[in-house]
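For reference, the structure discussed in these notes is given below.
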Amino acid sequence: DAGVIQSPRHEVTEMGQEVTLRCKPISGHNSLFWYRQTMMRGLELLIYFNNNVPIDDSGMPEDRFSAKMPNASFSTLKIQPSEPRDSAVYFCASSPSGSKYEQFFGPGTRLTVL
Amino acid sequence: QKEVEQNSGPLSVPEGAIASLNCTYSDRGSQSFFWYRQYSGKSPELIMFIYSNGDKEDGRFTAQLNKASQYVSLLIRDSQPSDSATYLCAVKPAGNQFYFGTGTSLTVIP
């Protein structure tokens, strides 16, 4: 298996632009997680899906952020409009269901908003 | 109160020494415990998991779990410069949600 796939790997955009990050989880994994990581705040959970249904979106910072999972093999995280404080590395991770399974992380998308 | 707490460090140890990383958690119902290693500019990767009280050894790594004290630790024996990274503790209560600590930065000095 190729692991969790994220695109793009790097994104540089200007303030006010729309940004869409994409994730393909590992086949057969029921849970998908979006994280944001910065030096100041560490790894923050933004939203978590189980069987394509959003379970916990309490970490989404504000209405500018939205996430979808239209099917078991694809998810998007959208920021509209983007702001400089959104600059961070965004990780997608997936996991099989069950308490004994670990998360597998994608390579991350490094977002820079100018 | 945060779900998972770690000493952010930085922790420095000389090459060949034992590095000890600690983590406490607040949810007594937590069932699974994971240690991830993250090199600078890379994504976290799993190095150890533990479910039962006691010690679990894998090569130079030992995970220790004490559910009564809500404490999990990672020992790295014979530390090598290649062990220099940030170590993230993750806790999983019943279900699929994970809670990560803020990480401990470890530097192994040659």
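The values are calculated or read from the model by the stated rules, or taken from the named source; none is laboratory data. None of these values were measured; they are calculated from a predicted model. All Cβ positions, even for glycine, are placed from backbone atoms using ideal geometry, and neighbour counts span all protein chains on display. Surface accessibility is based on the protein's heavy atoms, side chains included, excluding ligands, DNA and RNA. Shrake-Rupley method; radii C 1.70, N 1.55, O 1.52, S 1.80 Å.
Using a 1.4 angstrom probe on protein heavy atoms only, which residues from the stretch B:29-44 are buried by at least 50 Å² of accessible area when all chains are present rather than their own chain alone? So the qualifying set is B:Ser43, B:Pro44. With each label modelled as a point 7 angstrom along the Cα→C-beta vector, the A:Arg22-B:Asn66 pair spans 5.0 nm.
Quick one: with all protein chains in place, what share of the accessible area of the protein assembly as shown is carbon or sulfur, to the nearest percent (1.4 Å probe)? Carbon-and-sulfur percentage of accessible area, whole number: 49. Straight-line cross-link partners of A:Lys24 among the aspartates and glutamates, defined as a Cα under 18 Å from its Cα and at least 8 positions apart when in the same chain: A:Asp1, A:Glu11, A:Glu102, B:Glu45. By the rule of a C-alpha distance below 16 Å, with chain neighbours fewer than 8 residues away ignored, the lysines paired with B:Lys92 are A:Lys100, B:Lys2, B:Lys67.
Going 7 Å from the Cα of A:Ser97 along its beta-carbon direction, which residues of the stretch A:1-35 have the amide nitrogen within less than 20 Å of the resulting point? Correct set: A:25-34. Accessible area per residue for the protein assembly as shown, computed on protein heavy atoms with a 1.4 Å probe, is 48 Å². Taking amide hydrogens as placed 1.01 Å from N in the peptide plane, the amide H of B:Ser32 sits under 5 Å from those of B:Lys92, each at least 5 positions away in sequence or on another chain. How many angstrom lie between the Cα centre of the stretch B:46-110 and the Cα centre of the stretch A:36-84? Comparing the Cα centres of the stretch B:46-110 and the stretch A:36-84, I get a distance of 26 Å. Charging the Cβ of each Asp and Glu at -1 and of each Lys and Arg at +1, and nothing else, the dipole of chain B about its Cα centre rounds to 200 debye.
When the accessible areas of A alone and B alone are added and the area of the pair subtracted, with a 1.4 Å probe, the result is around 1600 Å², both sides summed.
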